[in-house]
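J.: Got a structure here, written out as structure tokens. Questions coming.
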Amino acid sequence: MSESQHLKITIVGHVDHGKSTLVGRLIYETGSLPDGKFEAIRAMSERRGMPFEWAFLMDALQAERDQGITIDTTQIRFRTALRPYVIIDAPGHKEFLKNMVTGAAASDAALLLIDAREGVQEQSRRHGYILHLLGIRQVAVVVNKMDLVDYGEARFAEVASNVTAYLACIGVTPAEIVPVSAQAGDMIATRSARMGWYRGPTVIEALDRFTLPADASDQPLRFPVQDVYKFDERRIVAGRIESGQLRVGDRLLFSPVNKTARIASIEAWSVPNQPTEATAGQSVGITLDEHIFVERGQIASHADHPPIETNVFRAHLFWLGRKPLVAGSRYKLKIATAEHQVEVQSIDRSIDVTDLSTKPADRVERNGVAEITLRARGTVALDEFRRNQRTGRFVLVEDFDIVGGGIVGMEGYPDQRHGLTVKSTNIKSVESLVTTEARWQANGHRSAILWLTGLSGAGKTTLAQELERQLFRKGMHVYVLDGDNIRHGLSADLGFAPEDRAENIRRVGEVAALFARAGVIVITAFISPYRADRDRVRAIAPDLFHEIHVKADLAECERRDPKGLYKKARAGQIADFTGISAPYEAPEKPELVVNTGTQSIEASLAALLDYVGRKLALESGGR
């Protein structure tokens, strides 16, 4: 039977709640113990002067036997009458959560173990949240040690109510809640006369009710490149197909370099005939019909369903590092086969796993959970976790040690692929016969793009219009571009989703650059919330671009709310509203900061006029 037909389950729970005993019982009750293993465990228990200890079946490390805790994840295969299983016994001790996350990440379903006496503990909640974070939606709860509470129905009902309420808060509905005594074997494989009040399934029956995961071959193709090998005249691109299918003749798009080529062959060794197709879960080598640059870390896909390309994304993170995570820290991000240098741009909120409350935070301590924003030095190819788990998970590494793991979200951020892809071909640039410098001489001043960026309500439009009027009075060639004169015409086809916002700014940037090269001082008044978009505009005309941050904090902008937009956003009437449900990335090194939160419009305008006078007058030398 193929590996894909095995159901992989993880068993998690608070330390000493009986996970290893449960696993030992499962193996025994299903007849999966190797010959002589039962006797070996009994002899080992007798030598140590203790009752029969099922945990010895799983706790393979001497340190675990001595300390009575599970340190490493252990995988054991067993089968029921329905199907085979791979069971992952993950450690419950707080110091070994990294191992628990590793084990759970590879699982299709989970058993969450709760001690009937102790009930739901902090670690139980933490493990439940991690299962949610990793996208494991098939969860059954096992309430163990019922023998120690006299098999009481009332106590079981109380524990079941508590765990159900917590899981509901994180969007998880337990498939079953089963009362058991793993030590005595009650409700593991057969029903228990001592719990006649319980009418639900045994643990084995609950496992058999889980479903196999959806076939990854039905998802869009994701083929992360593991390496490129050269044999004779062939360059073989090797890797594991994480999702989807590929066939000889398919045209592949390699992200984030955005080069394409067709599959010339699928390579296999020691087979009579070379395959013509391959599917998810297979490790393959392919050759291409063109010699394009391909290297480890790139992701091959079909062009109609590519991964996201971005240098900034949100992350739901579980922190494992001994040092706290703080904004500005840099780490190595590993996602699929790629490695990228990233910086923690912001810690958006910390999550208390015990009650799921959230709060602002300036750091994340070890074993903490948080929502953060990460920014990479280059472009990263990835997927949102909800779209593709295999390319939507990542780990953070510091000094060769894994310090965090999480899943990718893009809430409020655009896919930058459209801004990085050039579709026009056979186009030749035509330069004007009149140089920009000649236009400066004729106009008596330099031209520029004065890019005013800031939150809605910060005063960008007010300042832009007044600055235009003052400069025009001085005889300067000046024009304002803002949302009204752009979105009623050039960008009338765009909405306000992150991708539409990015495309709008790209268009504005191109138009502003044309104006500036024609000798005009262009003043733009756009929120332009994404740093990457403003950087791309700067790259169009770097010698003409001046980034001006019109600064006012969110509370002040919301107090002003000149168009009533914040009120509508708070009421949920406007989606993806900057500062409320979508991010604003303030400039890192703007040419000028005008703080309208602390100074008047008159003072702010004076600062702008002074800047223009210093930078754009011909006699000043300018920029």
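The values are calculated or read from the model by the stated rules, or taken from the named source; none is laboratory data. All values derive from a computational prediction rather than experimental measurement. No Cβ is skipped: glycine too gets one built from the backbone with ideal geometry, and neighbour counts run over all protein chains shown.
J.: Quick check: anything in region 309-316 part of a loop (DSSP other than H, G, I, E, B), under 16 Å from THR260 (Cα atoms) and touching a residue at least 40 places away in the same chain (Cβ under 8 Å)?
T.: Of all residues in region 309-316, those part of a loop (DSSP other than H, G, I, E, B) come to none.
The answer is no, given that none of the residues of region 309-316 is part of a loop (DSSP other than H, G, I, E, B), under 16 Å from THR260 (Cα atoms) and touching a residue at least 40 places away in the same chain (Cβ under 8 Å).
J.: Pairs, please: C-beta under 7 Å, at least 6 apart or cross-chain, first residue in the same structural domain as SER20 (by TED's automatic domain parsing) and charged (D, E, K, R) and in region 178-194, second in a loop (DSSP other than H, G, I, E, B) and buried (at least 19 other Cβ atoms within 10 Å of the Cβ)?
T.: ASP186/VAL180; ASP186/SER192; ARG191/THR202; ARG194/TYR151
J.: Same structure, new question: Tell me yes or no: at least one residue of region 509-528 is within 22 Å of VAL312 (Cβ to Cβ), touching a residue at least 24 places away in the same chain (Cβ under 8 Å) and of a type in the set (A, V, I, L, M, F, W, C).
T.: Yes, that holds for at least one residue.
J.: Now for a different question. Considering VAL257, VAL237, which residue is in a loop (DSSP other than H, G, I, E, B), outside the structural domain of ARG387 (by TED's automatic domain parsing) and among the aliphatic types (A, V, I, L, M)? Break it down into steps so the answer makes sense when it comes.
T.: Details: VAL237 fails: in a loop (DSSP other than H, G, I, E, B).
Criteria check complete, one pass: VAL257.
J.: Here's a follow-up. Does PRO220 fit the bill of being buried (at least 22 other Cβ atoms within 10 Å of the Cβ), touching a Ser or Thr at 6+ places or on another chain (Cβ under 9 Å) and over 26 Å from ARG77 (Cβ atoms)?
T.: On the way: buried (at least 22 other Cβ atoms within 10 Å of the Cβ): no; touching a Ser or Thr at 6+ places or on another chain (Cβ under 9 Å): yes; over 26 Å from ARG77 (Cβ atoms): yes.
Taking the combined requirement at face value, the residue does not satisfy it.
J.: Mind counting the residues in region 261-291 that are touching a residue at least 60 places away in the same chain (Cβ under 8 Å) and in a loop (DSSP other than H, G, I, E, B)?
T.: Going through region 261-291 one residue at a time, the tally reaches 2.
J.: Within region 225-232, does at least one residue satisfy the condition of being β-branched (Val, Ile, Thr), crowded, with 17+ Cβ neighbours inside 10 Å, modelled with pLDDT of 90 or more and touching a helix residue (DSSP H, G or I) at 6+ places or on another chain (Cβ under 9 Å)?
T.: Among the residues of region 225-232, not one is β-branched (Val, Ile, Thr), crowded, with 17+ Cβ neighbours inside 10 Å, modelled with pLDDT of 90 or more and touching a helix residue (DSSP H, G or I) at 6+ places or on another chain (Cβ under 9 Å), which makes the answer no.
J.: Take the conditions among the polar types (S, T, N, Q), within 23 Å of VAL353 (Cα to Cα) and part of a helix (DSSP H, G or I) and apply them to THR164. Does it pass? Give the steps one after another, and end with the answer.
T.: On the way: among the polar types (S, T, N, Q): yes; within 23 Å of VAL353 (Cα to Cα): yes; part of a helix (DSSP H, G or I): yes.
For THR164, the condition - among the polar types (S, T, N, Q), within 23 Å of VAL353 (Cα to Cα) and part of a helix (DSSP H, G or I) - is met.
J.: Looking at region 131-146, can you tell me whether even one residue there is part of a helix (DSSP H, G or I) and modelled with pLDDT of 95 or more?
T.: Taking region 131-146 as the starting set, the residues that turn out to be part of a helix (DSSP H, G or I) are 131-133, 146.
Okay, now just the ones that are also modelled with pLDDT of 95 or more, so 146.
For region 131-146, residues part of a helix (DSSP H, G or I) and modelled with pLDDT of 95 or more: present.
J.: Shifting gears a bit: Enumerate the strands (runs of 3 or more DSSP E) found wholly within region 1-115, keeping only those where 1 or more residues are over 30 Å from SER243 (Cβ atoms) and at pLDDT 70 or above.
T.: On the way: elements: 7-13, 74-79, 84-89, 109-115.
By residue number, 7-13, 109-115.
J.: Could you list all residues from region 177-213 that are in a loop (DSSP other than H, G, I, E, B) and within 19 Å of GLY24 (Cβ to Cβ)?
T.: Within region 177-213, VAL180, ALA182, GLN183, ALA184, GLY185, MET187, ILE188, ALA189, THR190, SER192, THR202 qualify.
J.: Right, another one. Among ASP348, ASP304, which is the only one that is acidic (Asp, Glu) and more than 18 Å from the chain's Cα centre (by Cα)? Even if it seems obvious, please write down each step before you answer.
T.: Details: ASP348 fails: more than 18 Å from the chain's Cα centre (by Cα).
Being acidic (Asp, Glu) and more than 18 Å from the chain's Cα centre (by Cα) holds for just one of ASP348, ASP304, which is ASP304.
J.: Yes or no: region 308-321 includes at least one residue that is surrounded by fewer than 21 Cβ atoms within 10 Å (Cβ to Cβ), hydrophobic (A, V, I, L, M, F, W, C) and at pLDDT below 90.
T.: For region 308-321, residues surrounded by fewer than 21 Cβ atoms within 10 Å (Cβ to Cβ), hydrophobic (A, V, I, L, M, F, W, C) and at pLDDT below 90: present.
J.: All but one of (1) under 26 Å from the mean Cα position of the chain (by Cα); (2) hydrophobic (A, V, I, L, M, F, W, C); (3) surrounded by 20 or more Cβ atoms within 10 Å (Cβ to Cβ) hold for LEU212; state the number of the condition that does not hold.
T.: Looking at each condition in turn, LEU212 falls short on (3).
J.: Let me ask you something else. Under the condition of being of a type in the set (S, T, N, Q) and within 16 Å of ALA582 (Cα to Cα), which residue from region 442-460 is surrounded by the most Cβ atoms within 10 Å (Cβ to Cβ)?
T.: From region 442-460, those of a type in the set (S, T, N, Q) are 443, 447, 453, 456; that's our starting set.
From what's left, within 16 Å of ALA582 (Cα to Cα): 453, 456.
Values: THR453: 27, SER456: 25.
Applying the filter and picking the extreme gives THR453.
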